[in-house]
Amino acid sequence: MQLVPTPKLMIKRKDGYYRELDWDRDQITIGRDNTNDIIIDHPLASRRHARFERNKNGFAIRDLESTNGTYVKRAQIAEGERISGAVHLYNLDQVIIADTIITFQDPEATVKGSLPPDVLQAMREELRVDSQAKEVFVKGHLVEPSLTVKEFQLLELLYKRKGHVVSKDEIARAVWDYEVFDYNAIDALVYRVRQRIEIEPNNPRYLITQRGFGYKLITSPE
């Protein structure tokens, strides 16, 4: 029996958060409330904002009478359009809610062209941090057991600033909530994180030391 490919929802926020979700059920709810399948923790999102729906006719997004609206942007169209009720989705359509863009990818669609550059960059990432689930993925594999609280806080901070150097002072304020005068604690924390995410901790691929400045995270090494 031939398996039917599962469509995907590629979720991206302005803060760099990225997540892929398989559309493997008839309904996927979106909103600010924690009971939703996709949680958008933003003041412009309603508690029950919208819903992805799958039926015999295909795939659709339905606005649930949200206060600030649900927008759909078609491929090759510059502006998104606010929707009312349910709207059919086509491959690479983007659903925009508050600060979040959700791209619908239909694996059965035959199209020419490529995904948006920001989505392609996120898909090429070897290392991803899921802030909501408190999970870390390296080359698609979940890092288990979970990182400790401080290990995750350090990696999350670097992930939000990926590609940029973060000083030890910034790390101290974000992870310890007070000024750290002995940087050995930070160096030790970096060492432990490298043991969890690097194939060769002594020759790091992702968590890079910028001597004299601090550390930076590279999620898509060349």
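So here's what we get for this one:
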item	result
Fraction of beta bridges assigned by DSSP in the chain that are antiparallel (%, nearest 5)	95 percent
Calculated FRET efficiency for the pair H141/L64, C-beta based, R₀ 41 Å, to 0.05	0.70
Listed residues Y215, Y90 arranged by accessible area, highest first, probe 1.4 Å	Y90, Y215
Surface share of carbon and sulfur [accessible, 1.4 angstrom probe, percent] for the chain	47 percent
Net charge of neighbours whose Cβ lies under 15 Å from the Cβ of N55, counting Lys and Arg as +1 and Asp and Glu as -1	+1
Label-point gap, in nm, between V87 and R161 - each point 7 angstrom along Cα→Cβ	3.8 nm
Highest-MSF residue in the chain out of L155, L44, L89 [GNM, Cα springs under 10 Å]	L44
Region 1-98, relative contact order [Cα under 8 Å, separation at least 6], %	18 percent
Rough spin-label spacing in nm, given labels placed 7 Å along Cα→Cβ, for E108 and D130	2.6 nm
Among V149, V129, V193, residue whose mean-square fluctuation peaks in a GNM of the chain (springs only between Cα atoms under 10 Å)	V149
Nearby lysines by direct alpha-carbon distance to K56 (threshold 24 angstrom, same-chain neighbours under 8 apart not counted)	K8, K73
Distance in nm between pseudo-label sites at I96 and N202 (7 Å out along the Cβ direction from Cα)	5.1 nm
Accessible solvent surface per residue of the chain, calculated while the other protein chains remain in place, 1.4 angstrom probe, Å²	59 Å²
13 Å beta-carbon shell around G214, net charge (K/R +1, D/E -1)	+2
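The values are calculated or read from the model by the stated rules, or taken from the named source; none is laboratory data. Keep in mind that this is a model prediction, so the values were computed, not measured. Heads up, the Cβs are rebuilt from the backbone with ideal geometry, glycines too, and the neighbour counts pull from every protein chain shown. Note: areas computed on protein heavy atoms with side chains; ligands, DNA, RNA excluded. Shrake-Rupley method; radii C 1.70, N 1.55, O 1.52, S 1.80 Å.
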